[in-house]
Amino acid sequence: MRSKKIASVVVALAFGLVTAVALAGSGPAEFVLKAKKGDVTFQHHKHQERTGCGECHHTKGPDGKQVIDEKGEHAAKCDTCHNKDFPNKKLNKPMKAFHKNCKGCHKEHKVSTKCNFCHKK
């Protein structure tokens, strides 16, 4: 019985690793987010390697329903949910969601959270 549990865990980990490798490097290598305080050049592939896709590309909205973009894919644009109708006013704009998510991760990994680290004029 114990060996079946271990085998199940190994299979689950292997599946997760294969999925992560398959998704790593998908999308643009980097992109620029236009911002009033200076544009942010986001190193997409670098962040994918560290966090995976689900950290930014949610598959469910605040109501628990699947979030699908215009192509029928799960990686919907941020403002699909993070807009004036979003129930949490602290996250009702993509910029607010970015700041919360990015600053939290930067703190966790001991990376600067100063504005000019990301925002370049």
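The values are calculated or read from the model by the stated rules, or taken from the named source; none is laboratory data. Only a predicted model underlies this, so the values are computations on that prediction, with no experimental measurement involved. For neighbour counting, all protein chains shown are included, and Cβ atoms are generated from backbone atoms with ideal geometry for every residue, glycine included.
For (1) in contact with a helix residue (DSSP H, G or I) (Cβ under 9 Å, 6 or more places away or on another chain); (2) of a type in the set (A, V, I, L, M), each residue gets a yes or a no:
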{"position": "A29", "(1), (2)": "yes, yes"}
{"position": "L33", "(1), (2)": "yes, yes"}
{"position": "T41", "(1), (2)": "yes, no"}
{"position": "K46", "(1), (2)": "no, no"}
{"position": "G52", "(1), (2)": "yes, no"}
{"position": "E55", "(1), (2)": "yes, no"}
{"position": "G64", "(1), (2)": "no, no"}
Problem set entry | Single residue of region 1-56 satisfying the filter (aromatic (F, W, Y) and at pLDDT 55 or above) that is surrounded by the most Cβ atoms within 10 Å (Cβ to Cβ) | F42
For this session: Identify all residues within region 100-112 that are surrounded by 12 or more Cβ atoms within 10 Å (Cβ to Cβ) and either modelled with pLDDT of 95 or more or of a type in the set (K, R) (or both); write none if there are none.
Result: K100, K103
For this session: Answer yes or no: is there a residue in region 68-86 that is in contact (Cβ under 8 Å) with a residue 60 or more places away in the chain, basic (K, R) and surrounded by 11 or more Cβ atoms within 10 Å (Cβ to Cβ).
Result: no
For this session: Test K90 against the criterion of being loosely packed, with under 11 Cβ neighbours inside 10 Å and modelled with pLDDT under 75, and give yes or no.
Result: no
